[in-house]
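Read the figures in this text as sums done on the coordinates, not as results from a lab. All values reported here derive from a predicted model rather than from experimental measurement. Every residue, glycine among them, receives a Cβ derived from its backbone with ideal geometry; neighbour counts consider all protein chains shown.
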Amino acid sequence: MNINIALLPGDGIGPEVIAQAVKCLKAVEETFGHQFTFTTELIGGAAILETKKALPENTIKLCLDSDAVLFGAIGLPEYDNNPDAKIRPENGLFELRKALGVFTNIRPVAVFPTLLKKSPLKEAVLKGTDFVIYRELTGGIYGGAHTLSGDGTTATDIASYTESQISRITHLAFKAAKKRSKKITLIDKSNVLETSRLWRRVVKRISASYPEVELECIYLHNAIMQMILNPSRFDVILAPNLFGDIISDQASVIGGSIGLLPSASIGDGIAMFEPIHGSYPQAAGKDIANPIAAILSAAMLLQHFGLEEESRAVVSAVNKSLKKKIVTPDISSKSKHGTNDVGDFIANNIVDTDDSLTM
Ligand code: IPM
Ligand code: MN
């Protein structure tokens, strides 16, 4: 298969972890006989420095002309301490999500058996945890107007949702649940928010078309407790934009490291794949960042194009690296391995299992 992939490494550790994902995709290309084309462009702080824009036209054009986007991370410390900056690296990501029309961010949270002890949760609590978050990506408080009164004393952020915004992601979530453990949890704040009441109504109505899937609706404040007390009770979690953002960061630590979790952002057109971690500028250039989230994002990309075996081969190479302790220091503080070693090991261990069975 031919796939044109736009690479947007971005800021901080983005370039280092994307380089490892590319190594793995190249190994897949060779092992399975595919043809991937990689073209790199600027986004975020790196783009602002060169072009004064967080998402330059060239980058939009490249993404729209590609089959998929592989994105690293965004954000620079100088902007974190400067809330008044008009052009912010994060704007690049918001604009890109808009330009691609992606509306669902899919974040799988599975616990690697070899890392059960790394989790802040007890092994017995963690056992069997395997869920996926479907986060809405266009609406809510992210999509509304953000204003500050002239005298600087009153700020407003408007959250709004339409039925169609809710229903398109809801159908995707139900379809995913049908293939998994057939349970959906809608996370909302319908005791307070009108948008949440709309979510509940629309999701309940749609659930009638998926009788084999069980739907539960729980409040955000309850959901975050349940995720710590009993994470294995979840299967597919459906959440509006802001709630989905927050719970996925909580979810990311229960597996042992935020450096492990990938994501896919999909819509009706080109999809984008990215680790859920940020740009971690303190680690940039030190060869210590965990490349696994970026590599697993590449595995999600392969799966998106129906390359199931190829995707599984990447995941099993990742499992092997964890088992053999070829890991970055976030996984084992004693580890002498860096970002590059881990990327090399995983890329070198991508094998076509069907071939090895017949040998
Ligand atoms: C994410 C990030 C972004 C978000 C930031 C960088 C704007 O946290 O992709 O989860 O809040 O959507
Ligand atoms: Mn986030």
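Any chance you could run the full-extension gain for GLN35 through SER232? It's 0.36 nm times the residue separation minus the Cα-Cα distance, nm to one decimal.
67.0 nm
Straight-line reach only, C-alpha to C-alpha below 23 angstrom: list the lysines that LYS179 could link to, leaving out same-chain residues fewer than 8 apart.
Straight-distance partners of LYS179: LYS127, LYS204.
If r is the Cβ-Cβ distance from GLU50 to ILE224 and R0 is 56 Å, what FRET efficiency results, to the nearest 0.05?
0.90
Once fully extended, how much extra length lies between ASP157 and GLU214, figured as 0.36 nm per residue of separation less the alpha-carbon to alpha-carbon distance? Each step should come with its number before you reach the end.
Details: separation 57, 0.36 × 57 = 20.52 nm, distance 3.37 nm.
So the extension gain works out to 17.2 nm.
Averaging sequence separations of C-alpha pairs under 8 Å and six or more residues apart, then dividing by the length of the stretch 120-254, give the relative contact order as a whole percent. The partial results should precede the final answer.
Numbers: 218 pairs, mean separation 52.3, N = 135.
So the answer I get is 39 percent.
Using R₀ = 56 Å, calculate the FRET efficiency as 1/(1 + (r/R₀)^6) where r is the Cβ-Cβ separation of ASN82 and THR353; round to 0.05.
Here the calculated transfer efficiency is 0.65.
Treating only the Cβ atoms of Lys and Arg (+1) and Asp and Glu (-1) as charged, compute the dipole magnitude of the chain about its Cα centre; round to the nearest 20 debye.
Rounded to the nearest 20 debye, it is 1200 debye.
For LEU238, what residues show an amide H to amide H distance below 5 Å, using hydrogens built from the backbone and excluding near sequence neighbours?
HN-HN under 5 Å from LEU238: TYR134, THR185, LEU186, ILE187.
Provide the gained length on full extension for the span ASP249 to LYS325, in nm with one decimal, where the gain is 0.36 nm per separating residue minus the Cα-Cα distance. Could you put the intermediate results ahead of the total?
Details: separation 76, 0.36 × 76 = 27.36 nm, distance 2.46 nm.
Gain on stretching ASP249 to LYS325: 24.9 nm.
I'd like the Karplus ³J(HN,Hα) series for the stretch 208-219: coefficients 6.51, -1.76, 1.60, θ = phi - 60°, whole numbers in Hz, and an x wherever there's a Gly or Pro.
Once θ is set to phi - 60°, the couplings for the stretch 208-219 become 4, 7, 10, x, 7, 9, 8, 10, 10, 10, 10, 6 Hz.
What FRET efficiency would be calculated for the residue pair ARG197, ARG312, taking the C-beta separation as r and a Förster radius of 45 Å, to the nearest 0.05?
Result of the calculation: an efficiency of 0.65.
Relative contact order of the chain: what whole-number percent is it, with Cα pairs under 8 angstrom and at least 6 residues apart?
Normalised by residue count, the contact order of the chain is 22 percent.
Can you give the Rg to Rh ratio of the chain, both from alpha-carbon atoms, with Rh computed by the Kirkwood formula?
With Rh from the inverse mean 1/r over Cα pairs, Rg/Rh is 0.96.
Once every DSSP H run of n ≥ 4 in the chain is given -39500 (n - 2.57) and the sum is divided by its residues, what mean residue ellipticity at 222 nm do you get, rounded to the nearest 500 deg cm²/dmol?
-13500 deg cm²/dmol
So how do 138-146, 29-37, 234-242 stack up, highest first, on mean other-Cβ count within 10 Å?
Details: 138-146: 16.8, 29-37: 14.0, 234-242: 24.2.
Order by mean packing, descending: 234-242, 138-146, 29-37.
Applying the Karplus parametrisation 6.51 cos²θ - 1.76 cosθ + 1.60 with θ = phi - 60° to the phi angles of the stretch 66-71, what ³J(HN,Hα) value in whole Hz is obtained for each residue in order, glycine and proline being reported as x?
Running phi through 6.51 cos²θ - 1.76 cosθ + 1.60 with θ = phi - 60° gives 9, 8, 7, 10, 10, 10 Hz.
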